[in-house]
1. Please enumerate the residues belonging to segment 133-147 that are hydroxyl-bearing (Ser, Thr, Tyr) and under 22 Å from the mean Cα position of the chain (by Cα).
2. Name the single residue, out of those in segment 287-315 being open to solvent by 40 Å² or more (accessible area, probe 1.4 Å) and among the hydrophobic types (A, V, I, L, M, F, W, C), that is nearest to the chain's Cα centre (by Cα).
3. Considering each of Arg472, Arg452 in turn, give the residue that is open to solvent by less than 50 Å² (accessible area, probe 1.4 Å), in a strand (DSSP E or B) and of a type in the set (Lys, Arg).
4. On the phi > 0 side of the Ramachandran plot, without any contact (Cβ under 8 Å) to a residue 40 or more places away in the chain and open to solvent by 10 Å² or more (accessible area, probe 1.4 Å): which single residue out of Asp447, Asp433 fits that description?
5. Going through segment 397-419 one residue at a time, which ones are modelled with pLDDT of 95 or more and under 16 Å from Ala434 (Cβ atoms)?
6. On the given criteria, is Met347 among the hydrophobic types (A, V, I, L, M, F, W, C), farther than 22 Å from Asp417 by Cα and surrounded by 14 or more Cβ atoms within 10 Å (Cβ to Cβ)?
7. What number of residues in segment 328-337 are open to solvent by less than 10 Å² (accessible area, probe 1.4 Å) and over 18 Å from the mean Cα position of the chain (by Cα)?
8. Evaluate segment 371-383: report whether one residue or more is at pLDDT 95 or above, open to solvent by less than 10 Å² (accessible area, probe 1.4 Å) and of a type outside the set (A, V, I, L, M, F, W, C).
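The values are calculated or read from the model by the stated rules, or taken from the named source; none is laboratory data. Predicted, not measured: the structure shown is a model, and the values here were computed from it. In this analysis, Cβ positions are derived from the backbone assuming ideal geometry, glycine residues included, and neighbour counts consider all displayed protein chains. Keep in mind that these areas ignore ligands, DNA and RNA; they rest on the heavy atoms of the full protein, side chains included. Shrake-Rupley method; radii C 1.70, N 1.55, O 1.52, S 1.80 Å.
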Amino acid sequence: MLDRTSSLAVELPAGDRMPERRRLLFLLDPARIWRWQAELVAEFAAASGFDVAVASVSATRSLPRGLSTLFVFERLLYGQKAVSAADIVDIAAIFAPVVAAPGHDCDLVIDLSGAGAAARAIRAGVPTLTLLYDGFADDTAAIAALIEGRRPRLTLAGCDDDGLVAARPAVEEPRILSQALDPVFSMAAELVRRAIREGTVDGEAGGTVPPATRDITCKPLAFALSTFAAKIAARLDRQVRTAPQWAIGWRQAAAGTTIADRLMLPKEGYRRLPDDGQRYYADPFVMVRDGRRYVFCEEYPYATGKGVISVFTIEPDGSTTTPRIVLERPYHLSYPFVFERDGEVYMMPETLANRTIELYRAVQFPDRWEKVETLLDDVAASDATLVEHGGRLWIFAAISDRGCSSWGSLGLYHADDLFGTWTALPANPVLADAAAARPGGEMYVRDGVLYRPAQDCREFYGGGLTLARVDRLDPEGFSQTVVARLKPNPARPEIGMHTVNVAGGIEVVDVFGEFPWTAA
């Protein structure tokens with residue numbers, strides 16, 4: 001056992017001294033770089049006492065067929081957070097400052113490439129940490145284990161604890177592969193992090209992985225992979241066949257009869273916006289212009305796995321037009337919060353996938369929009385909702401930074417002008433409550449008091465709606481009181497809803513699962 005108190009426990013010739021800065025070389029496969037790997041590299045690159053470089057091996061491990069589609073569909077179904085340890089990232093965008101040639105001099109190699117012999121050729125003669133999943137260097141083995149309903153065993157070859165450190169992660173959601181991978185990869189990162197920082201590195205160059213085994217071509221893993229694509233396809237097929245959908249409902253709602261007025265859902269129900277089964281519609285917002293009632297919404301085509309903003313109209317005879325796309329970006333869009341200000345029409349769609357809150361102006365309403373401002377940058381904000389209160393403008397948004405869940409964490413930002421400087425409340429998140437945090441539509445004033453619809457995510461994402469009275473809203477603090485909780489059908493808890501908006505005598509909602517009302 002080597003001395004754990006040394007800055008890096010490698011064997012050095014007598015008289016040599018440990019370098020003041022440790023030179024780390026991370027080996028990665030550019031065809032498959034997970035977010036946890038990117039963040040681990042970034043962590044040590046920013047830490048004092050380390051010089052960090054990244055070398056890539058041959059890109060031989062593209063994701064198994066069907067896996068990306070399964071991930072997209074699971075995110076759609078289960079409303080997962082935007083950032084996960086199991087996200088795939090781009091090496092060029094993240095590691096450009098630290099990418100090195102394979103022959104880069106280093107004191108320690110951290111092999112996360114899963115490339116077997118190719119990686120060993122690069123790291124020859126240098127102490128090495130190699131992460132193994134069920135004994136294999138390829139993380140495909142972890143995915144295969146989860147698909148089969150098992151927790152993979154994580155080991156770290158190259159440590160001085162008999163050459164091996166082992167752990168079995170807790171997997172809370174084994175039926176959701178993308179969620180199950182998150183704790184597996186988070187634990188993998190922690191094993192590597194501790195081995196580097198605590199100096200528990202074996203002095204044997206190349207670690208303890210036998211030179212001719214544990215490659216992707218190893219027969220046991222190759223056999224498992226022979227049925228891997230079929231198992232992924234079967235899981236995806238099962239998800240698609242049993243998956244509930246979001247749908248938009250609307251109804252005529254005179255003053256005094258809205259949900260906001262009565263604090264309950266109407267008995268007469270809503271008409272459903274038709275869809276073709278190839279997409280869903282959600283997050284409806286109504287705007288009346290020149291006597292016409294326009295409904296902006298998220299349109300999510302299953303084929304692309306990326307939301308766009310569409311619009312349809314509700315005609316005087318009660319018919320609806322077919323939604324058409326009016327705004328599309330390279331990243332996912334949803335929750336098209338539309339409003340008028342100073343004679344202009346603006347939209348503030350959710351751009352969580354870009355880590356921004358963006359503002360668009362209607363160049364030609366309702367079909368042409370131009371981006372005019374990024375109100376907030378580098379924020380993980382969902383369902384941003386604007387309101388003016390107390391002489392200031394406020395943005396309410398679900399935030400998922402620093403480990404917060406967007407289901408139950410409310411962040412507030414304020415400014416004295418739409419195009420001014422937006423400031424976060426120091427206490428963000430100001431509310432941690434899955435029952436009443438995430439915004440669920442436009443805020444409104446009733447009897448001089450501000451109210452807000454919020455999502456009730458206690459049972460599942462979009463499980464219901466909450467109406468809350470805002471008791472305090474100022475730069476020093478926020479508080480609210482829940483006044484109503486709404487479910488489309490209390491006898492059917494699997495049916496949910498998460499947005500309500502009213503304008504021009506029209507009330508719109510969205511529903512998750514079987515639509516509980518019959519079209520009028």
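1. Thr140 - this is the single residue of segment 133-147 that is hydroxyl-bearing (Ser, Thr, Tyr) and under 22 Å from the mean Cα position of the chain (by Cα).
2. Selected residue: Ala303.
3. Matching residue, one of Arg472, Arg452: Arg452.
4. Unique residue meeting the criteria: Asp447.
5. Ala397
6. no
7. At the first step, the residues of segment 328-337 found to be open to solvent by less than 10 Å² (accessible area, probe 1.4 Å) are 333-337.
If we keep only those that are over 18 Å from the mean Cα position of the chain (by Cα) as well, we get 336-337.
Here the count works out to 2.
8. yes
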